[in-house]
Amino acid sequence: MGDPRLLRIAQPVQRFDTDELHLLVRDMFETMRSVNGAGLAAPQIGVDLQVVVFGSGNPNPRYPDRPLVPTTVLLNPVITPVGAEEDEDWEGCLSVPGLCGKVPRWLRIRYTGFDPYGDPIDRMVEGFHARVVQHECDHLVGKLYPMRVRDFAQFGYTEVLFQEIGVAQDR
Ligand code: NI
């Protein structure tokens, strides 16, 4: 947080299925998994492209009680809220280490975009899956979750907020 590359509007991917793109995706998954992240957006590793990865086939040590989200690479995403219902829950971010805050998100969304081969993705999701997608896609429009926190009494150091249940697992 503080790096101007996290505040840009990312460029759409123009060419699919290139070596460069596949390399980027591999690098992003490696980075995400090395810090047990739920997702990662290209701007977080300094790449100005509309690419996000998220999901895990196994329970995530950072979010052990959360439902599984399918492993996904999403390019040039568009999010549309489904209904007006919101949901507030805790979020952290690998670009904001050590902190977490309660963030409002749409409860249900439809998201569309493309995979690295240019094949379309079109899903209706809710809950944690919807939250992860909204968090990652925010990185593509220069938004970090603290910009969406409404109640700063619910923003702080993970190890202080959650000391009694030992959830503090940020890097
Ligand atoms: Ni993040």
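The values are calculated or read from the model by the stated rules, or taken from the named source; none is laboratory data. Quick caveat, the model's predicted, so the values are computed rather than measured. Neighbour counts run over all protein chains shown; Cβ positions are idealised from the backbone, glycine included. SASA here: full protein model, heavy atoms, side chains in, ligands and nucleic acids out. Shrake-Rupley method; radii C 1.70, N 1.55, O 1.52, S 1.80 Å.
Couple of notes before you dig in:
- For the chain, the longest principal axis of the Cα atoms and the long axis of helix 127-138 meet at an angle of about 70 degrees.
- Between region 92-171 and region 1-50, the C-alpha centres lie 16 angstrom from each other.
- Sequence-separation-based contact order of region 4-165, relative, with Cα cut under 8 Å and 6+ spacing, percent: 24
- Rounded to the nearest 10 degrees, the angle from helix 19-34 to the longest Cα principal axis of the chain is 10 degrees.
- Carbon and sulfur %, accessible surface of region 4-165 computed with the full protein complex present, 1.4 Å: 52
- Compactness of the chain, taken as the C-alpha radius of gyration over 2.2 N^0.38 Å, stands at 0.99.
- Cβ-Cβ FRET estimate between Glu159 and Arg8, R0 fixed at 45 Å, reported to 0.05: 0.90
- Debye intensity ratio in log₁₀ form over the Cα atoms of region 36-124, taken at each q of 0.19, 0.20, 0.24, 0.25 Å⁻¹: -1.13, -1.24, -1.48, -1.47
- For Val13, residues with placed amide H under 5 Å, excluding near neighbours: Gln50, Asn76
- The listed residues Thr72, Thr112, Thr80, once ranked by accessible area (1.4 Å probe) with the largest placed first, stand as Thr80, Thr112, Thr72.
- Per residue value of the accessible surface for the chain (all protein chains in place, 1.4 Å probe), Å²: 53
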